[in-house]
1. At 1.4 Å probe size, put 294, 185 in order of accessible surface, largest to smallest.
2. Counting only helical runs of four or more DSSP H residues, what would the 222 nm mean residue ellipticity of the chain come to if each run contributes -39,500 (n - 2.57) and the total is spread over all its residues?
3. Which of 36/138; 2/103; 2/36; 144/166; 2/110; 57/110 have a Cα-Cα distance over 21 Å?
4. Between beta-carbons, use under 13 Å as the cut-off and find the net charge around residue 20, counting Lys and Arg +1, Asp and Glu -1.
5. Roughly how tilted is helix 136-159, in degrees to the nearest 10 and between 0 and 90, from the longest Cα axis of the chain?
6. Using unit Cβ charges (K, R positive; D, E negative) and no other charged atoms, how large, in debye to the nearest 20, is the dipole of region 149-189 about its Cα centre?
7. Go ahead and collect, in residue order, the members of region 179-218 whose backbone nitrogen is under 17 Å from a label point 7 Å along the Cα-Cβ direction of residue 120.
8. Give the accessible surface of the chain per residue, rounded to a whole number of Å², with probe radius 1.4 Å and ligands, DNA and RNA excluded.
Amino acid sequence: MKVCSFLPAATSMIYELGLEDYLYGVTFECPSDKPKVVRSHLEGKKLTSVEINDTVKEYMDADKNLYYVDQELLQEIQPDIIFTQHVCNVCQIGTSYVEEVVKSLPKKPKIIALVPHRLDDIYDNLLLIARELNEEAKGQVRLKELKQREMHIAEKLRDNNLLPRKVMLIEWIEPVFNCGHWIPDQIERAGGYDPLGNPGGHSSPTEWEAVVASNPEVIVIAPCGFTPERAIQEVSRLEQKQGWNELSAVRDQQIFIVDGDLFTRPSTTLVEGIELLAALLHPKHFDIPAGVRDKVVSYYK
């Protein structure tokens with residue numbers, strides 16, 4: 001069986017399940033040495049968050065695709081299955097475009113769209129991928145491990161009577177976007193709450209006055225697709241906003257820049273994001289996991 005993954009989250013889960021031998025093609029963003037079938041017009045460009053936002057808007061207004069498929073390579077691979085998505089066409093290639101592309105293939109692959117909105121949907125996607133590759137048992141084993149890690153956090157929060165802390169997780173810096181979809185679930189399971197979050201729905205531009213009014217105790221900056229090193233270059237844009245210095249998170253130096261993939265990429269690695277958040281929100285009770293220590297920096301260190 002030949003599989004192409006047209007979204008990094010699916011690629012990540014396939015590797016977590018130890019099923020990478022099925023993979024014959026991935027996207028340019030995937031941490032994989034498999035052939036890159038999906039490319040982007042933003043690929044290789046060093047743009048600010050403002051420039052990226054403007055470019056995305058330009059493509060959307062013109063009804064053009066930001067991503068495209070190397071059709072010659074796809075024809076050479078002749079996959080049996082393609083994993084894609086239609087949650088966010090800004091973040092990844094969309095299902096409708098993929099359906100058009102495969103019309104030219106002599107052998108039509110099975111297109112499986114992953115459509116997660118909440119964290120439990122992502123767990124269902126893990127099982128779906130395992131099932132489609134005839135390896136459902138591996139999916140069940142992996143899911144059990146993830147649930148046990150979540151349970152460990154929940155038990156410690158309960159046993160220590162830890163109250164939820166107010167968080168603002170920023171998905172984009174300029175303009176400021178709140179967090180959506182599964183991220184509020186991550187925050188809740190880590191012992192926090194985000195009054196500006198949109199559980200199960202899209203993130204969207206958020207008025208700065210709303211951020212000031214919510215006055216978060218902790219601010220987590222996790223721009224989609226940005227590493228901490230990339231994101232920290234633009235935090236000064238937030239410092240220039242009115243009321244920044246009066247925020248509780250600023251006064252208490254509780255500003256953290258984290259790798260966006262731990263939150264915006266709908267893979268089971270989101271559990272690492274939950275563990276990291278628990279350590280940021282309740283540092284006396286949780287340690288930052290060794291595997292993600294290079295994916296978070298305090299803005300004040």
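The values are calculated or read from the model by the stated rules, or taken from the named source; none is laboratory data. Note that the structure is predicted; figures quoted are calculated from it, not measured. Backbone-built Cβ (ideal geometry, glycine too); neighbour counts: all protein chains shown. Ligands, DNA and RNA are excluded from the accessible area calculation, which covers all protein heavy atoms including side chains. Shrake-Rupley method; radii C 1.70, N 1.55, O 1.52, S 1.80 Å.
1. 294, 185
2. Rounded to the nearest 500, the figure is -11000 deg cm²/dmol.
3. Where the Cα-Cα span goes over 21 Å, the pairs concerned are 36/138; 144/166; 57/110.
4. So the surrounding residues net to -1.
5. Taking Cα atoms only, the helix is inclined about 0 degrees.
6. For region 149-189, the charge dipole is close to 200 debye.
7. 181-190, 199-201
8. About 46 Å² of surface per residue is accessible.
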